[in-house]
Amino acid sequence: MPNYQAEIAACSQAVRDKMPFTPSITNVVTVNLVANAQIAVGGRPAMLYLADEGINMVQACDSFYINLGTLFPSHREAVQETIASLQASHKAWVLDPVGLGKGADHNALIAYIKDHPATIIKANASEIMTLAQTWGLISQETEQNYVGVDSRHEVNQAQAAALALARHSGGVVVVTGQSDLVTDGNRMLYSLGGSDWMEKITGAGCILGGVMAVYAAVAQDPFIAALTAINAFNLAGKQADGAKGPASFQTQFIDRLYQNSAREVSQIPVIEQGEED
Amino acid sequence: MPNYQAEIAACSQAVRDKMPFTPSITNVVTVNLVANAQIAVGGRPAMLYLADEGINMVQACDSFYINLGTLFPSHREAVQETIASLQASHKAWVLDPVGLGKGADHNALIAYIKDHPATIIKANASEIMTLAQTWGLISQETEQNYVGVDSRHEVNQAQAAALALARHSGGVVVVTGQSDLVTDGNRMLYSLGGSDWMEKITGAGCILGGVMAVYAAVAQDPFIAALTAINAFNLAGKQADGAKGPASFQTQFIDRLYQNSAREVSQIPVIEQGEED
Amino acid sequence: MPNYQAEIAACSQAVRDKMPFTPSITNVVTVNLVANAQIAVGGRPAMLYLADEGINMVQACDSFYINLGTLFPSHREAVQETIASLQASHKAWVLDPVGLGKGADHNALIAYIKDHPATIIKANASEIMTLAQTWGLISQETEQNYVGVDSRHEVNQAQAAALALARHSGGVVVVTGQSDLVTDGNRMLYSLGGSDWMEKITGAGCILGGVMAVYAAVAQDPFIAALTAINAFNLAGKQADGAKGPASFQTQFIDRLYQNSAREVSQIPVIEQGEED
């Protein structure tokens, strides 16, 4: 197995050095947390909700983050126009498809994204499986109801769906859970670690997507960007694990995300598919 | 006086066991805090702003929270459609009418809700009195100007208004303040405790409404749900009361909301009307 | 040089005594932080996004804060109508023009504000220079691209632009950075202090604008309001400077904003233009 430590350390350090500009369209529940987490690792966030601002920010950006939570009526146009611009300018972007099955605008955006794929898709196991089914990439096993933020499936149940999505999109897919799976349709790794507190705060997944967009701004290989984000995230989570409650955890987690060096971020163990089976 | 401790402990424990799905339409100022407080006591939040998402989430939900702060143009349709769905499916919902008199859309929604009443209405004394006057349930004593989040009245000044609202709506009314009044138009109790810090952070009332919706998802009797939420809230507030400032208080308060057991939550004293007069 | 300590202490104390009503139209990223910071120093916030709510809240308010981050489609009308009402009722308001060059609605609002100037404009050096150029008050030195929240210029590079803006608007201009410049087109002072952590959290500038609006509600002279806000802000920042990370800093900063007395706030040194050159 290749040693990804050097690439992860380099990716983490490149963000600290370059401070990439990483705007987002993201939900209002956790927008503050996403911005603070992006700053903590070295990115420069800007949040927006209008189509022409999306187009303009794509011109100026190093990468983009799109999270489909808390849609407003203006999201449909704003998200589509932003994605079209990202595709035209060949810039990296990360999708968090949160809210699958929530309503018509969400469905329309998911349909649009099938043909305009993200560089990295990050979601939990249930979301990844539903997305692959919705796009007709794997057979329909479950009803297409609303898929909440709490996954009803284990990460390794979503392996086939993740592979199918990665091959369809030509990008990287991340499945989050007790361990986190990363695949580009060819390579597949698991990152271990993190903290159970993640499920006790709102926005852990949103943060991870936002931080992933920051690393995707500097990495040639989005597989390395995804691994680096997961490692930075899981390391900070583990360090903050001793918190007395969810709000203390969140404070310590953001503090740690800021403090950790590139070398430390690269130390979280990753294992190849099969090793944990 | 009946001993509500057993019912409160049972309601609190039922939420921990069932983890009900409790979506909200709530203001953007405190939406993150509402979600985190709901998770802390055992609920599963989902926030939304579109009408069809409201209708869909009502189908999936165990209860709903509607808070009328920071209205967008899309709220009018979204809130009305969501409430109509809640009524059709006989699901419990909690109203925080915050922002009374703020503008035309707020007025229209309040008028609509008169005929489609909430299971629980939670507000401060000034808001409860204004709401009862606006709906013609008590005589007009004050001008119908904007009613801010800071109550100009004491809780027990709002007793008649609270009773009138509860009888009109066939539900429960909660008046928050130094002590908190709960009535279903028949029974009336006060819960003592809490913390003065509540007035020094934005969103204490929003949290309480959100947490009340979580307990309303499992309680047969909304009176018990309201009491349980107030007790959980006041206990955590009292425990965090030694904080050095408002931001520290908020962190400790959410931590405590998470830590407290069902038994502890049931220990906050409640007294019958008249005892404190 | 006049001794501003007495005026600053009086302004700070007047806010604690009067608790002015200080509504805002402000971005969703930091809206919670702005509300908490305003409460911490003694204001009473209310956030809104609809035009008629803006008009109504202007009638009830003591001052207003307008921050142009995260525009929605409804902002264009809401912001213009609110500003027109503020002008008609001669009430003080603070502008944070954040997002210059981001898109068409932002440009339209900036053009409108040229003819309906704010009592206080607060921005970083790059933003102040771009604003003065956009309004044709100083010669065009830089391209009119998007200006992010991270200033590419030092505060004293923006002196001429700040003076030009203050003279055009007949109000006060604040340029934030390592030191903070305040001018009314005649007087010019620098306030020293603060914390480097300010750049590591989102919303430090938003908070400052919101707190400035609170002081502008009670001060006859907006120059004193601006100085008081900067001093309150820099004192709390300095006190929280020992934090272990950005999230801890934010908590300690809000706590300190609440704790500091009017006398303490007046102790931060201010120096006249030229002294630091």
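The values are calculated or read from the model by the stated rules, or taken from the named source; none is laboratory data. Quick caveat, the model's predicted, so the values are computed rather than measured. Virtual Cβ from ideal backbone geometry, glycine too; neighbours counted across all protein chains shown. Just so you know, the surface numbers come from the protein's heavy atoms only, side chains and all, with ligands and any DNA or RNA stripped out. Shrake-Rupley method; radii C 1.70, N 1.55, O 1.52, S 1.80 Å.
Entry note, chain A: relative contact order of 22 percent, from Cα contacts under 8 Å with a spacing of 6+ residues. Take every DSSP beta bridge whose two residues both sit in chain C; close to 40 percent of them are antiparallel. Other protein chain C-beta atoms within 10 Å of residue C-beta, averaged over C:68-80: 4. Shown for the protein assembly as shown: the carbon plus sulfur share of the solvent-accessible area, taken with all protein chains present and a 1.4 angstrom probe, equals 45%.
Only protein heavy atoms count here, probed at 1.4 Å, and on that basis chains A and B bury about 2100 Å² of accessible area in total.
One chain, two ends: A:Q267 and A:A84. Fully extended at 0.36 nm per residue, the span grows by 62.2 nm beyond their Cα-Cα distance.
The mean number of Cβ atoms from other chains found within 10 Å of a Cβ in peptide C:196-204 is 3, as a whole number. GNM on chain A, alpha-carbon springs under 10 angstrom: the most fluctuating residue among A:A166, A:A243, A:A219 is A:A243. Entry note, region C:96-167: relative contact order of 39 percent, from Cα contacts under 8 Å with a spacing of 6+ residues.
Neighbouring Cβ atoms from other chains, within 10 Å of the Cβ of residues in C:95-106, number 3 on average. Between rounded, prolate and oblate, where does region A:5-272 land on the alpha carbon gyration tensor, with a ≥ b ≥ c its root eigenvalues, rounded for a/c under 1.5, else prolate if a/b exceeds b/c? It comes out rounded by the Cα gyration axes.
For region C:180-254, the per residue solvent-accessible surface stands at 26 Å², with DNA, RNA and ligands left out and a 1.4 Å probe.
If you filter region A:138-214 for GluC sites (Glu not before Pro), then keep DSSP loop positions with at most 15 other Cβ within 10 Å, what is left? The qualifying sites are A:E141, A:E143, A:E154.
Across region B:1-93, C-alpha contacts under 8 Å between residues 6 or more apart give a mean separation that, scaled by the residue count, equals a relative contact order of 31 percent. Over chain B, dividing the summed -39,500 (n - 2.57) contributions of all DSSP H runs of at least 4 residues by the number of residues returns a 222 nm mean residue ellipticity of -14500 deg cm²/dmol. Basic side chains Lys and Arg get +1 at the Cβ, acidic Asp and Glu get -1 at the Cβ, and with that the dipole of chain A about its Cα centre reaches some 480 debye. For A:Q59 and B:D17, the FRET efficiency from 1/(1 + (r/R0)^6), where r spans their Cβ atoms and R0 equals 56 Å, is about 0.60. Distant-in-sequence amide contacts of C:M188, defined by a placed amide H-H separation under 5 Å and a gap of 5 or more residues or a different chain, comprise C:Q273. Total lysine pairs in region B:5-272 at Cα distances under 26 Å, for residues eight or more apart or on different chains: 12.
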